[in-house]
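Structure record follows, encoded as structure tokens.
The values are calculated or read from the model by the stated rules, or taken from the named source; none is laboratory data. None of the values given here were measured: they were computed from a predicted structure. Positions of Cβ are generated from backbone atoms using ideal geometry, with glycine treated the same way; all protein chains shown enter the neighbour counts. To get the accessible areas, we keep the full protein, side chains included, count just its heavy atoms, and leave off ligands, DNA and RNA. Shrake-Rupley method; radii C 1.70, N 1.55, O 1.52, S 1.80 Å.
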Amino acid sequence: MSDSYDLVVIGAGSGGVRAARIAGGYGARVAIVEEYRIGGTCVIRGCVPKKLFVYGARFRDLFEIAPSFGWTVDASFDWPTLLANKDKEIERLEKAYVSGLDGAKVDIIRDRAVLAGPNTVRLGSGRELTAKTILVATGARPFVPDIPGRELGITSNEAFHLAQLPHSILIEGGGYVAVEFATIFAGLGVATSIVYRGEQVLRGFDHDMREGLEAGLQSRGIRLIYQTSIKALRQAGEDIVASFTDGVEAPFGAVMFATGRSPNSAGLGLETVGVGVDGYGAIAVDAYSQTSVPSIYAVGDVTNRAQLTPIAIREGHAFADTVFGDKPTAVDHSLIGTAVFSEPEIATIGLAEHDAATRGDIDVYVARFRPMMNTLSLKSERTIMKLITLKDGGKVLGVHILGPSAGEIVQMAAIAMSMNATKADFDRAVAMHPTAAEELVTFKKPTYVYRDGAKV
Ligand code: NDP
């Protein structure tokens, strides 16, 4: 292997792998350096294994309504089976990533890398690589508050490898990871509590989504403890005792921190070469992912633009197009949909009602209904669908769904929104019946409107 490359990528996660493959496809000589497994957070200890666990947990809901369809289910759950099957699938995906890199003739170097100069990367082995361009794609890691006993808690990293399920778990945080893992643990039979410093989970989401999710989590037995935080943890026999800032103490089988993620930027040599970072340690980049050092670029979570895999992939691809494909490409971060794989699921794109209401006169359409699958049972949970448009059939500003397949539905609505669709465009689509998504194209009158900033 030569030590001289057109591109050296540090970090083989979603953004780095995409950039390496596309640059390789343009004929660049590329090396990718990774100290752990190929695939990064999403594939190895994030989106993919998380969603597999969510599927596992959702059987509880299905078993609950199964008798209404005439089924008798005598179910039991085996955690080691789910773990082993998940691990097998992650291995398969990792191999697919490796063969994708091989196909693009990218050298995979399994080592730790630090920047030693604007065109130099030093490996843990002491070997030095030179590169015309360096891409930092080192991702992020769970942030854990600095409290006494923090080492007794786990993060999502460890949650994927627990030898056995705890009898109970306390999850701190009110974001994506907290509600998704609460769904997983509760669905798999663990007594689950969330402690969140705010007033309601998923700060920033549309209020109907937050309320609906709160009710859904509670109806699945998840305890929500608001407006307090963990002050300290201590071991007490097999359990961990959490002391909260409001003075309460309680024991749990496990404690998990889901308190956000920090960019993996420390110890990379950024200061040595003069790459600028923001106040949170995220690498500062321009619209083309170029850092303050012209030969060094950065994409994905380490830049903290939007901590989402598809965004890292886009940024990695756009970087390779810009630098190696002679196609300068800036990623548009203005319209990003996301799904939260809680139970019930949430998906959202565009403006939440509280934001849209500040942008002029808007119409709000809301539907609440029992998913058809539940109608034979006593399960009363409602799907919530909300469409927010400029007034009188104007441009669609936001789509928010809570309920089964929310992510699948909103992904399609995202296409329409990226084309600046109006309510009239939605209305032209013929409904598919009976589906839940048909609600989005059959809204007749706004449920309420905002005029001159006031709800009418
Ligand atoms: P989030 O930023 O979504 O949530 C972090 C939560 O922790 C917030 O509720 C925050 O409170 C709370 N928090 C932060 N610091 C502290 C502290 N010191 N003490 C107590 N509470 C604290 O982070 P996540 O870890 O859940 O997820 C990280 C990112 O990963 C997400 O933002 C998302 O972009 C991505 N992700 C996406 C998923 C998806 O697309 N389905 C799934 C998982 C992750 P407050 O609200 O007050 O700030």
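Listed values, structure above:
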item	result
Debye, to nearest 20: dipole size of the range 284-360, +1 on Lys, Arg Cβ, -1 on Asp, Glu Cβ	180 debye
The range 1-48 - accessible surface per residue (Å², probe 1.4 Å)	33 Å²
Pairwise label distance in nanometres, L162 with D3, each label 7 Å out on the Cα-Cβ vector	4.7 nm
Phi-based couplings in Hz for the range 433-443 (Karplus 6.51, -1.76, 1.60; Gly and Pro marked x)	10, x, 10, 7, 5, 4, 4, 5, 10, 10, 5
R0 of 45 Å, Cβ-Cβ distance T442-A236: FRET efficiency to nearest 0.05	0.20
Distant-in-sequence amide H partners of L135 (H built 1.01 Å from N, under 5 Å)	V8, V9, I10, Y297
Label-point separation in nm, K132 to R197, each point 7 Å along Cα→Cβ	4.7 nm
Burial order of peptide ranges 53-60, 92-99, 68-75, 162-169 (average beta-carbon count within 10 Å, highest first)	53-60, 162-169, 92-99, 68-75
DSSP beta bridge pairing in the chain, given as percent antiparallel to the nearest 5	60 percent
Computed over the chain: relative contact order in percent, which uses C-alpha pairs under 8 Å that are six or more apart	15 percent
Sorted peptide list for 347-359, 222-234, criterion being average Cβ within 10 angstrom, highest first	347-359, 222-234
Relative contact order [Cα under 8 Å, 6+ residues apart], the range 297-455, whole percent	21 percent
Out-of-range pairs (alpha-carbon distance over 24 Å; input K50/K88; K51/K444; K327/K395; K423/K455; K50/K386)	K51/K444; K327/K395; K50/K386
Translational D in µm²/s for the range 344-442 (Stokes-Einstein at 25 °C, 0.890 mPa s, Kirkwood Rh from C-alpha pairs)	178 µm²/s
Shape of the range 15-79, Cα gyration tensor, a/c cut at 1.5	prolate
Shape category assigned to the range 156-271 from the gyration tensor of Cα positions, a/c cut at 1.5	rounded
Label zone at F63 (point 7 Å along Cα-to-Cβ), backbone N below 14 Å, the range 182-208	185-191
Radius of gyration and Dmax over the Cα atoms of the range 265-343, both given in Å	13.6, 46
More than 40 angstrom apart: percent of Cα pairs within the chain	27 percent
Heavy-atom accessible surface of the chain: percent carbon and sulfur, 1.4 Å	53 percent
Rounded to the nearest 10 Å², the accessible area of F369 at probe 1.4 Å	40 Å²
Length gained when the stretch R110-D146 is fully extended (0.36 nm per residue, less Cα-Cα span)	9.8 nm
Prolate/oblate/rounded label for the range 241-378 (Cα gyration tensor, a/c 1.5)	oblate
Rg to Rh, two decimals, where the range 83-220 supplies the alpha carbon set and Rh follows Kirkwood	1.08
Highest to lowest packing among 205-216, 412-423, 261-272, scored as the average C-beta count within 10 Å	205-216, 261-272, 412-423
